[in-house]
1. Provide a single number: the residues in region 225-248 that are open to solvent by 90 Å² or more (accessible area, probe 1.4 Å) and not charged (D, E, K, R).
2. Contact list please: Cβ distance under 9 Å, first residue in region 184-197 and closer than 17 Å to A113 by Cα, second residue among the hydroxyl-bearing types (S, T, Y), pairs at least six apart or on different chains.
3. Looking at region 198-224 only, could you name the residues that are over 24 Å from F117 (Cβ atoms) and open to solvent by 30 Å² or more (accessible area, probe 1.4 Å)?
4. With the requirement that a residue be small (G, A, S) and farther than 25 Å from D235 by Cβ, what does region 123-168 give you?
5. Working only within region 24-59, note down all residues that are in a helix (DSSP H, G or I), touching a residue at least 40 places away in the same chain (Cβ under 8 Å) and open to solvent by less than 80 Å² (accessible area, probe 1.4 Å).
6. In region 240-266, how many are β-branched (V, I, T), over 18 Å from D72 (Cα atoms) and in contact (Cβ under 8 Å) with a residue 12 or more places away in the chain?
7. Is there any pair linking a residue in region 103-119 that is at pLDDT 90 or above to one that is open to solvent by 40 Å² or more (accessible area, probe 1.4 Å), with Cβ under 6 Å and at least six apart or on different chains, and which?
8. For region 200-258, give me the residue count where each residue is of a type in the set (S, T, N, Q), in a loop (DSSP other than H, G, I, E, B) and over 21 Å from the mean Cα position of the chain (by Cα).
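The values are calculated or read from the model by the stated rules, or taken from the named source; none is laboratory data. Keep in mind that this is a model prediction, so the values were computed, not measured. Quick reminder, even Gly has a Cβ in these numbers, built from the backbone with ideal geometry, and neighbours come from all protein chains shown. The protein model used for the area step is the full one, side chains on, heavy atoms only, and it has no ligands, DNA or RNA in it. Shrake-Rupley method; radii C 1.70, N 1.55, O 1.52, S 1.80 Å.
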Amino acid sequence: MAVDERERTTGSAGLAIGSGSRLTRVCVRGVLLLGVLISLFPFYWLVVMASGTTEDIYSYPPKLVPGPHLLDNMGRVLDTVDFFGSLFNTVVVAVVGTALVLFFDSLAAFAFAKYEFPGKRFLFGALLATYMIPAQLSLVPQFVTMAEFGWAGSLTALIIPGAANAFGIFWMRQYAQNSLPDELLDAGRIDGAGFFRLYWQVAMPLFRPALAFLGIFTFISIWNDYIWPLVVMIDPDRVTLQVALANLNVLYNTDYSLVMAGALMSVVPLIVVFLIGARHFLRDLAAGATKM
């Protein structure tokens, strides 16, 4: 009898634990679903505003469904600004700038993480100190430097100053310290590999998850940059997308549906890049976890 009572007690406890576990999973999934909806709502609201009129945007209660004017508003954007020309400039700057950041930041991070050299700690501390300086303070010195090189007004002035940054080096260094075993480097040295061969053939395959994140972050930052292109691109025919779209926001009688349509057209490439980069990031991260 005592055994049966214990079995019934154990079964009841197991059922209660199972019910609590299922309830916890349901609650967690509900919270995650709510977070996804909250995150996606601004993009949906952007579509709603871009497909309506300015009167629809100011109407109360607000309209929560897309309107019929999306294609008309996008056509007016193309008629108002040189969208495709500025889009080409932005794509060139973002792609080349991101590639340079990935190369130089990972190369410097590899050296900081796995090599000892005089002044290493001081240089890394000075690098982090530059990250704390507001970017606005360097606008004038950077513009003067670009003008002296003869790059003011060219896309080179948008690419070269951002070819490496403190955040990327710090991020890649922290990742390299935890994900790149010294034993792999020692094995490569035994095989006769030098610094660049160790970096390219040993370190880079392990850096891919961190590089995917840094690539997404850098591409979006360059794509959305407004202040520096506005300052250095003195030729109005060679501006980037954000500067061109700013011309839609006039001082008086702003057509906000036109502005929102331009914003929607500029954000679509970012969504595509994010989806591609996030897929590679998750795939490489899962592969690394499986190998570990």
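1. 3
2. Pairs found: F195/Y115.
3. From region 198-224, those over 24 Å from F117 (Cβ atoms) are 205, 208-209, 212-213, 215-224; that's our starting set.
Hits for region 198-224 are P205, R208, F213, F217, I220, S221, I222, N224.
4. First, the residues of region 123-168 that are small (G, A, S): 125-126, 129, 135, 138, 147, 150, 152-154, 157, 162-164, 166, 168.
Once the filter is applied, which keeps residues that are small (G, A, S) and farther than 25 Å from D235 by Cβ, region 123-168 yields G125, A126, A129, A164, A166, G168.
5. L46, V47, M49, A50, T54, D56, I57
6. To start, the set of residues in region 240-266 that are β-branched (V, I, T) comprises 240, 243, 250, 254, 259.
After this cut, where a residue has to be over 18 Å from D72 (Cα atoms) as well, the list is 240, 243, 250.
Subsequent filtering for residues that are in contact (Cβ under 8 Å) with a residue 12 or more places away in the chain retains 240, 243.
Result for region 240-266: 2.
7. As it stands, the answer is F104/A164; D105/A164; A109/R173; F112/R173; A113/R173; A113/Q177, since those pairs meet every condition given.
8. Pass one, region 200-258, residues of a type in the set (S, T, N, Q): 201, 218, 221, 224, 240, 242, 247, 249, 253-254, 257.
From what's left, in a loop (DSSP other than H, G, I, E, B): 240, 247, 249, 253-254.
Filter once more, so that each one left must be over 21 Å from the mean Cα position of the chain (by Cα): 247, 249, 253-254.
Adding up the residues that qualify gives 4.
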